[in-house]
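The values are calculated or read from the model by the stated rules, or taken from the named source; none is laboratory data. Please read these numbers as outputs of a predicted model, since none were measured by experiment. A quick note on method: Cβ atoms are made from the backbone with ideal geometry, for glycine too, and the neighbour counts reach across all protein chains shown.
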Amino acid sequence: MSDRSKILDRVRQSLQSEPRLAQGFQPGRLDIDSDGTLLIEGEVPSVAAKKLALERVAALPEVSGLLDRLRVTPASPMQDAEIRAHLRDAFAQEPSFTALEISELRADELVAVRGVPAGASGRIDIEVDEGVVTLNGRVPGLNSKRLAGVLAWWVPGSRDVINGLAVEPPEADSPDLIAEAVRIVLDKDPFVDANQIRAGVRHRIVRLTGLVPTESERDMAENDAWYLFGVDSVVNEIEVRP
């Protein structure tokens, strides 16, 4: 067996040991080049599964880089135009985005959804291709970048979100900023009672505690944390008490 085959076997074993992936999960495509860059392609059940799978394979000493083509099974399959429409409305209606110019890519042309507002502080360009949302442009803070990414993940047809928004001026990240972003997102989620949930952050790991009445609300709160740019892991210790 070649060295390349041995490395790919170790990658498969690592993926199969991740409990959040479907039992016996096999990527649709898996390859590694001579410099150790791993290409991984396939479909996973959740953002949590995607991040955990990437974390596992990135930890292998033979892997020096990743080409991530893992896609999340959508909650509700949608055409790209429908996803764009959801994003257009969500971004245009978000109060903290009122000073941002918003455009979307249609047929290789950027079309203004909302023109340059007075005192504009940035812009968001939306692209959707086969359910994959790409966000480009610039926003005035990490909270804006993170919120834009979560709003994109909330669209039921989204299969992946590539958050390329630049933060200008640059802002140093921290556990406190991540905790603030978790609070913002939980407050905005209409299906979660944020007053019943507490979030602590150490490094890039979010720990959720509190009480909620249903398993579905517990799961939605955890998903909201996973959706955030820069979060590597979520420990869900929320209790369910009907």
**Report entry** Lone qualifier among R218, R204 - being free of Cβ contacts under 8 Å to residues at least 60 places away in the same chain and within 15 Å of K51 (Cβ to Cβ)
**Finding:** R204
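Please indicate, with yes or no, whether at least one residue in the stretch 70-77 is farther than 30 Å from L39 by Cβ and not polar (S, T, N, Q).
no
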Query raised in the report: Given the conditions (1) free of Cβ contacts under 8 Å to residues at least 60 places away in the same chain; (2) of a type outside the set (D, E, K, R); (3) not assigned by TED's automatic domain parsing to the domain that holds G137, which single one is not true for F97?
Result: (3)
Query raised in the report: Does any residue of the stretch 152-162 turn out to be free of Cβ contacts under 8 Å to residues at least 40 places away in the same chain and over 20 Å from V72 (Cβ atoms)?
Result: no
Report summary line: Over the stretch 117-134, the set of residues buried (at least 16 other Cβ atoms within 10 Å of the Cβ) and at positive phi is G122, G131
Requested in this report: Could you list all residues from the stretch 23-46 that are of a type in the set (A, V, I, L, M) and touching an Asp or Glu at 6+ places or on another chain (Cβ under 9 Å)?
Outcome: L30, I32, L38, L39, I40
Query - Condition check for S121: within 18 Å of A166 (Cα to Cα), touching a Lys or Arg at 6+ places or on another chain (Cβ under 8 Å), among the small types (G, A, S) and without any contact (Cβ under 8 Å) to a residue 60 or more places away in the chain - result: no
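Could you identify the single residue in V116, V139, V128, V132 that is at pLDDT below 95, of a type in the set (V, I, T) and out of contact with any Ser or Thr (no Cβ under 6 Å at 6 or more places or on another chain)? Break it down stepwise before answering.
Numbers: V139 fails: at pLDDT below 95; V128 fails: at pLDDT below 95; V132 fails: at pLDDT below 95.
V116 is the lone residue from the list that is at pLDDT below 95, of a type in the set (V, I, T) and out of contact with any Ser or Thr (no Cβ under 6 Å at 6 or more places or on another chain).
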Query - Which numbered condition P242 fails, given (1) at pLDDT below 95; (2) in a strand (DSSP E or B); (3) not small (G, A, S) - result: (2)
Report task. Spot the failing condition for D68; the list is (1) in contact with a strand residue (DSSP E or B) (Cβ under 6 Å, 6 or more places away or on another chain); (2) within 30 Å of D9 (Cα to Cα), and only one is missed. Result -> (1)
Report summary line: A careful count of residues in the stretch 153-200 that are surrounded by 14 or more Cβ atoms within 10 Å (Cβ to Cβ), polar (S, T, N, Q) and in a loop (DSSP other than H, G, I, E, B) gives 1
